[in-house]
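FYI, it's all coordinate maths here, none of it is from the lab. Just so we're clear, the structure is a prediction, and the values are computed from it rather than from any experiment. Cβ sites come from the backbone with ideal geometry, for glycine too, and all protein chains shown count toward neighbours.
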Amino acid sequence: MTISEQASQTTVAVLVGSLRADSVNRQIAERLRDSAPADVKVEIVEGLGELPFYNEEIDGDSAPASVRALRDRVAAADRVLAVTPEHNGTMPPVLGNAIDWLSRPYGAGAIVGKPFAVVGATPTPYGGKWAHEAARRSAGIAGAVVVSDIAVSQSTIEADVTGDPEVFVRLSDALRALADHETAVVAA
């Protein structure tokens, strides 16, 4: 890939809401990364399980290395995609905690102004829609530009999410829509 091709790539930071190494949502993230279009670079942000729970007393100039790494990865990206299951009717704590860290410092966090979308799967009849709604709401409050018309909530009860071509086309289309999303520039 040439330098000009790299410059024209849209980088999507992916936050996986499951810590299990072989989770369906991690498989979705990896498959999206491995099959991304040439103009889209998908980077899975590792280490969400290493983040301490958000605590203002340990934030600031002395924030833990894991927090600084998360913020740096998301700040360097053009877009943010959460790929997450649902835990007890809401987003997993690991995802909420990552969004909390990304929201600080208030008004200037790494997620502020970034187009943000959520996709994923969960073994419930609801396909994760409540978790995805909670993640979109939290990210929006944190300052992200939530792309609300991108939503793929898939129940793993009904389909092999990573192997079903129709489901994967929907996930790929969601990634493409996020990468193509134009954020309105507001004049100061």
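I'd like to verify something in the chain: which complete DSSP H helices, judged by Cα projection on the helix axis, reach 24 Å or more and average at least -0.5 on the Kyte-Doolittle scale?
none
Over all directions, what mean area does the Cα convex hull of the chain project, stated in square nanometres?
Projected area, direction-averaged: 11.4 nm².
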Between the DSSP loop rule and a limit of at most 16 other Cβ atoms within 10 Å, which GluC sites (Glu not before Pro) in region 1-92 are left? E46
The relative contact order of the chain, taking Cα pairs under 8 Å that sit 6 or more residues apart, comes to a percentage of 22
Quick one: longest stretch of the chain between exposed loop chymotrypsin sites (Phe, Trp or Tyr not before Pro), exposed meaning at most 16 other C-beta atoms within 10 Å and loop per DSSP? 127-188
Rounded Å value of the spacing that divides the Cα centres of region 7-73 and region 80-126: 11
